[in-house]
1. Condition check: more than 20 Å from the chain's Cα centre (by Cα), surrounded by fewer than 19 Cβ atoms within 10 Å (Cβ to Cβ) and at pLDDT 80 or above. Does Glu100 satisfy that?
2. Could you list all residues from the stretch 1-19 that are in contact (Cβ under 8 Å) with a residue 24 or more places away in the chain and among the small types (Gly, Ala, Ser)?
3. If only one of Thr92, Thr20 is closer than 28 Å to Gln134 by Cα and open to solvent by 60 Å² or more (accessible area, probe 1.4 Å), which one is it?
4. Counting residues that are in contact with a Lys or Arg (Cβ under 9 Å, 6 or more places away or on another chain) and more than 14 Å from Phe160 (Cβ to Cβ), which helices (runs of 4 or more DSSP H) fully inside the stretch 72-147 reach at least 1?
5. Would you mention how many residues in the stretch 15-28 are assigned to a helix (DSSP H, G or I) and farther than 20 Å from Leu64 by Cβ?
6. Suppose the filter is among the basic types (Lys, Arg), modelled with pLDDT of 95 or more and open to solvent by 50 Å² or more (accessible area, probe 1.4 Å); does Lys145 pass it?
7. Only residues that are at pLDDT below 80 and closer than 11 Å to Ile69 by Cβ: list them for the stretch 29-55, please.
8. Which numbered condition in (1) closer than 27 Å to Phe50 by Cα; (2) touching a residue at least 40 places away in the same chain (Cβ under 8 Å) is the only one that Ile178 fails?
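The values are calculated or read from the model by the stated rules, or taken from the named source; none is laboratory data. Bear in mind the structure is a predicted one, so any value in this text is a computation, not a measurement. Cβ placement follows ideal geometry from the backbone for every residue including glycine, while neighbour counts extend to all protein chains displayed. Each accessible area value is taken on the protein alone, full model and side chains, heavy atoms only, with ligands, DNA and RNA left out. Shrake-Rupley method; radii C 1.70, N 1.55, O 1.52, S 1.80 Å.
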Amino acid sequence: ERARLTELLVEYLEKKGELTEAMNLLQDLRLEILTTMDEKERIGLMLHQFRLCLQCNDQLRASLCAEKIHDQHLKDDDLRLQFLELLITYHTSFTHNYMEIAKSHYDVFKINGNSESLMNAILFAVMAPHSPEQLQFCKDLHELKDLALLPEARMLLTIFMGHDLVAWPEFEQRFSSI
């Protein structure tokens, strides 16, 4: 019951614009160990906590929230989509880890089949620092059947994974619309 009452107070504080106080209230709850709440409701509160940390630009707490939620093995697609969107925001705002952003976009694509999410996964994967993980991820993306609907994306991955140097003006002209 305390968690539900705290949620009401947090919503009230949010409406008043007191985000830091709302975030601190939710942080005081140990949501990851509450067993009396329904799992969906508990994870919903954890997502709310994560969102407040992002809105307050609290990188440390946001990182901790992301880890707590990631360990929960989200089964509900709606909760998983919410988490992935928050994770994309976290990595975009704080870590600038393009590989993690790409993976999150790809996970969104696997849930909803949105070609925009697939395109974002490809773009962020290409922008990630060169690594074996990046090359394997790009190779896996290149082999997707869904990529047939995005010929420009397939060509981008083909050029990116090739061993030839590409002249920037030609590359920029070809892919400026992406």
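1. no
2. Ala3
3. Just a single option satisfies the conditions, and that option is Thr92.
4. Counting at least 1 such residues, we get 77-90, 98-112, 115-127.
5. Of the residues in that region, 2 qualify.
6. no
7. Listed by number, the residues that qualify are Leu31, Glu32.
8. Every condition holds for Ile178 apart from (1).
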